[in-house]
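Chemist: Dropping a structure here in structure tokens format, bear with me for questions.
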Amino acid sequence: MSSGPPAEVAIDLELVRTLLADQHPDLADRPLSPLGEGWDNAIFRLGQHYLVRLPRRQAAAGLVAHEHRWLPEVARLVDLPVPAPVRHGHPTAYFPWSWSITRWIEGRPAAESPVAARAHWAGVLARFAAQLHQPAPSDAPQSLVRGVPLALRDATLRERLSSVGHPRGDDLLAQWERALAAPVYDGPPRWVHGDPHPLNMVVRRGSLAAVIDFGDLTQGDPASDLATAWQTFSWEGRAAFVVRYSQLAGRDEALWQRARGWAVLYAVNSLALSADSPQFTAIAEHTVAQLLEAPDALLSR
């Protein structure tokens, strides 16, 4: 089931088998099964060792090109596995966009694990983030919605928060406005994953095994990624995440103030745009609870 905008091209088993037969015939006879659709991609498992990802709308097609170009470079920065493409698929007369084959990473989405259990690997995720957040090349992808100054997202946040009508809307807006008042990021643009929520993390046997879905990979303010402290963890895990990241990347209170703003933005976006997705709604409501109800002594650590 899709949790995002409607697909602009119908993607089914027959289409994927045809693409494989035409472009990667050595893989075409392997078992193929659909795993679902997200905002941007339809996902299929191919045999025991591979995954096929196909963009389901034009807006996502350019993100595939970013992954083809940049994920091999990003993979060299981090210890955790990332799904760098091992085969490239090309547009055809019957499918208009590039697509990818990546290696299958065994495990389950972190969103399916108990929140309290995630504290076990909070430091591992912090290390991944610190490794990733290196200065990006000048020609790295540049997003209009991730890694940017929060002020550029202000109008959208207010519009969507109003449309959601959340009972804690005034409190969320107050959190947002405090984040807006934080000093803006003035360092070199850094690599930013762009979408590090717990559906994009793979857990295996209670440990973090991989971070996936780099379609929103961009350069900019790393605070955009650090919102995961509220999206993914409860207080114990968040404290471990913040402490470990600060040990590796340096203490920066303004960074975490902006990260709280990004957490507000991601929660509101999910509530406004993914109301039909129980998983995204659950992540959003968890984020709201962590922002507004959980004890927060992080910036004094």
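Chemist: Step by step: first the residues of the stretch 10-38, then only those that are in a loop (DSSP other than H, G, I, E, B), within 18 Å of W97 (Cβ to Cβ) and hydrophobic (A, V, I, L, M, F, W, C), then the one that is nearest to the chain's Cα centre (by Cα). Which residue is that? Steps first, answer last, please.
Modeler: So in the stretch 10-38, the residues in a loop (DSSP other than H, G, I, E, B) come out as 10-12, 24, 28-31, 38.
Narrowing the set further to residues that are within 18 Å of W97 (Cβ to Cβ) leaves 10-12, 24, 38.
Checking which are hydrophobic (A, V, I, L, M, F, W, C) leaves us with 10-11.
Working: A10: 24, I11: 23 Å.
Going through the qualifying residues, I end up with I11.
Chemist: Please identify the pairs in which a residue from the stretch 187-211 that is of a type in the set (A, V, I, L, M) has its Cβ atom under 6 Å from the Cβ atom of a residue that is surrounded by fewer than 18 Cβ atoms within 10 Å (Cβ to Cβ) and assigned to a strand (DSSP E or B), counting only partners at least 6 apart or on another chain.
Modeler: Close Cβ pairs satisfying both conditions: L199/P109; V203/R108.
Chemist: OK, next. Looking only at the stretch 72-84, which residues are modelled with pLDDT of 95 or more and in contact with a Leu (Cβ under 9 Å, 6 or more places away or on another chain)?
Modeler: V74, L77, V78, L80
Chemist: Going through the stretch 146-180 one residue at a time, which ones are in a loop (DSSP other than H, G, I, E, B), in contact (Cβ under 8 Å) with a residue 60 or more places away in the chain and surrounded by fewer than 17 Cβ atoms within 10 Å (Cβ to Cβ)?
Modeler: First, pick out the residues of the stretch 146-180 that are in a loop (DSSP other than H, G, I, E, B): 146-149, 165-168.
With the extra rule that they be in contact (Cβ under 8 Å) with a residue 60 or more places away in the chain, the set shrinks to 146-149, 166, 168.
P149, R168, listed by residue number.
Chemist: State all residues of the stretch 122-151 that are more than 22 Å from M201 (Cα to Cα) and either touching a Cys at 6+ places or on another chain (Cβ under 6 Å) or among the aliphatic types (A, V, I, L, M) (or both); if no residue qualifies, say none.
Modeler: Matches in the stretch 122-151: A136, A140, L144, V148, L150, A151.
Chemist: Quick one: which helices (runs of 4 or more DSSP H) lie wholly within the stretch 205-278 and hold at least 2 residues that are surrounded by fewer than 22 Cβ atoms within 10 Å (Cβ to Cβ)? Break it down stepwise before answering.
Modeler: Details: elements: 223-226, 228-232, 235-249, 253-273.
In the stretch 205-278, the matching helices (runs of 4 or more DSSP H) lie at 235-249, 253-273.
Chemist: Also: From the list D29, D22, D40, exactly one residue is touching a residue at least 12 places away in the same chain (Cβ under 8 Å), surrounded by fewer than 18 Cβ atoms within 10 Å (Cβ to Cβ) and charged (D, E, K, R). Which is it? Give the derivation first.
Modeler: Details: D29 fails: touching a residue at least 12 places away in the same chain (Cβ under 8 Å); D40 fails: surrounded by fewer than 18 Cβ atoms within 10 Å (Cβ to Cβ).
Criteria check complete, one pass: D22.
Chemist: Could you tell me which residue of the stretch 114-137 is nearest to the chain's Cα centre (by Cα), considering only residues that are surrounded by 18 or more Cβ atoms within 10 Å (Cβ to Cβ) and not in a helix (DSSP H, G or I)?
Modeler: By that ranking, first place goes to H133.
The values are calculated or read from the model by the stated rules, or taken from the named source; none is laboratory data. For clarity, every value in this text was computed on a predicted model and none was experimentally measured. Cβ atoms come from the backbone with ideal geometry, glycine included; neighbour counts cover every protein chain shown.
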